[in-house]
Structure formats: C-alpha cells, structure tokens
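To keep things clear, I will list the structure first and then write my remarks on it.
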Amino acid sequence: MDNPTLSDEILLERIGAGDGSSLAILHDRYRLFAHALALRVLGDGARAEDVVQDAFLSVWRRAGTYAPERGSVRTWLATIVRNRAIDVIRSPRERIARSEHEDAERLESVVDPAPLVVDAVVGALDRDLVRAAVDRLPDEQRHAIGLAFFRGLSHSEISAHTGVPLGTVKSRIRLGIQRLRGSLLQGGLEYA
C-alpha cells in the first residue's frame, strides 16, 4: 500500500485534511520502526503494540501540529512513540509493579543508550558510529541520558535519584545530547 512517490510531509498534510488512506500509507511505512522503538522502551510486545496504536491515533488527530523545521516526520513520530511509552512506564500501576531492582536490571541489560537515542531522535543511523559517540561522552552525561531515555525519569526525578542538583542534571543531558549531535554530524550522519 506504501506509495514511495509521496513524501512523509505530503502524507501528513493529507492526514491533516482527513485522508485515512494517507494514514494507512504512513502506518505501513513506519509501523515496524515504531514498534521496535516502543518495544525497546517497554520490553513488552503487547504494551508496545498498544503504544504504537495510540501513537498513530495521535498522528491522525495532531497531523497539523507537525513542524518540518523541527525535524523529520520520522523523528516527530519517534518522539510521539517514545513519549507514549514513557507515559506507560510512569503510570501509577506500572510504578507499583516495578521495583528498584527490576529498573536497575533492565537498565544494565541495555548494551548502550545509543540505540534509543538513534531511534528516538535520529532515525536509522550507523549504530557503530553512534556507540562510539556515546562511549566518548563523560560518564556523568552518559548516565543522565540513560536515566532520562531508558528509565523515563524526568529531570527532577533524576536529581532526586542521584542527589545531583536539578540544574546540573539538565546541563548534563543538554551537553551530552549536543556532544552526540556534534559527533554524529562530524561522522557524516544526518539526525533530523
């Protein structure tokens, strides 16, 4: 059903005008990407499917809010999926079900925070280059980014969890993302 001649931006314009077939094309184009991202955040296939369905419903309702100057459609969709998955993690029911031990175990089982950064922010990138860029980050920045992107903690929660002042947490995340962006651009990768 995918029509490769239609750009993502044109599809979103049509979706905004109520064209359901354009939503179907966009869904076919990105459903596997969205599911992989949700699965990486949640670790559960059924919940990932629910998140993807909710994300595409949001695309249907909010297609007109897409701003091309802020990034690609893929990046916009990845942000929606990631935020929906984090909402699931942050839900009161989910917090009760998880223990601190399970959180630490899940975070440690992830080889590197780079894949989520890649999928959520950048899209399909050369993973070896991304991993090298993440490995070059100072430990404090890599840890703060991991807590934000994998555990879904807010800046305030990271501050409380680590005992680091809120402003320092924000700076570490911001500087880490800036360093990643610079490294990736220097390596010839396009992130938006």
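Rule-based calculations on the coordinates, nothing more; no lab input. Predicted, not measured: the structure shown is a model, and the values here were computed from it. Quick reminder, even Gly has a Cβ in these numbers, built from the backbone with ideal geometry, and neighbours come from all protein chains shown.
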What ³J(HN,Hα) values, in whole Hz, does the Karplus curve 6.51 cos²θ - 1.76 cosθ + 1.60 give for segment 61-76 when θ = phi - 60°, with x put for Gly and Pro? 7, 10, 4, x, 8, 5, 10, x, 5, 9, x, 6, 4, 4, 5, 4
What net charge is computed for the residues neighbouring I158, neighbours being all others with C-beta under 10 Å from the C-beta of I158, Lys and Arg scored +1, Asp and Glu -1? +2
Extended-chain gain in nm, criterion 0.36 nm per residue less alpha-carbon gap, T5 and A160: 50.9 nm
